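What follows draws every value from the coordinates through simple rules; no lab data is involved. Computed from a predicted structure; not experimentally measured.
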Amino acid sequence: MKVFISYSTTDTWIARKICEDLGRIGVEVFLDSKDIESGDDVEEAVRQHLVTSDELLLLVSSASLSSHWVMMEVGAARTLGKRLVPVLINVSPNELPQPFNRHLARDLNQIERYYAEITERSRSTTELPPERLLLPPPTSQPHAPPLTPGVQVRITAKPLEPNDFPVFSEDMRPYLGERATIRDYGWEEQGTPTFRLDIDDGVWLWADRWLSRSDPSG
């Protein structure tokens with residue numbers, strides 16, 4: 001997981017503090033004051049790091065909202081389809097212009113919640129060790145679940161809650177209603193069957209209650 005921090009120089013101290021916090025929880029961070037050296041082609045460095053980043057963390061302040069450079073970074077990130085996470089610094093959600101107001105923003109005072117969210121996303125997008133996914137079935141559930149590798153399923157189109165277990169991420173929402181094939185399955189610690197699907201290259205863990213058998217001809 002890699003985060004690109006976009007900010008105004010007015011908010012440099014806050015950007016550096018967030019960069020340090022993310023580094024401590026194992027998240028790679030691009031911060032121009034840290035990663036761009038004297039003589040570098042700034043535009044090219046920014047472009048390359050945007051391409052290799054998973055999401056853009058935008059520090060929204062009165063200064064950044066009037067920064068041409070910040071607007072360029074955000075526009076490029078949106079073009080690349082990157083996740084955009086606004087963090088508000090003395091700015092109310094009502095002050096967010098389009099298209100920023102389409103994204104759920106966090107106040108700077110809620111930054112710990114963002115850290116928890118990105119920690120979970122980082123776990124989901126990192127290849128998990130076998131013991132994390134393929135736990136042996138608990139004694140109360142000794143048999144394989146009815147959905148096994150190779151079975152075609154449809155992902156439920158019902159609204160799912162972000163705090164569902166296993167964790168449902170908004171990044172999973174585009175797959176709702178789609179057909180997929182089960183690649184692997186295992187159990188979470190609570191004994192909940194979980195599945196990896198081909199539709200997302202096995203990145204996310206899907207609960208059995210989110211899946212139903214699909215007739216390939218239907």
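Of all DSSP-defined beta bridges confined to the range 2-125, some 0% are antiparallel rather than parallel. By its C-alpha gyration tensor, with a ≥ b ≥ c as the square roots of the eigenvalues, how is the range 2-125 shaped: rounded for a/c under 1.5, else prolate for a/b larger than b/c, else oblate? Judged from the Cα gyration tensor, the range 2-125 comes out rounded (a/c under 1.5).
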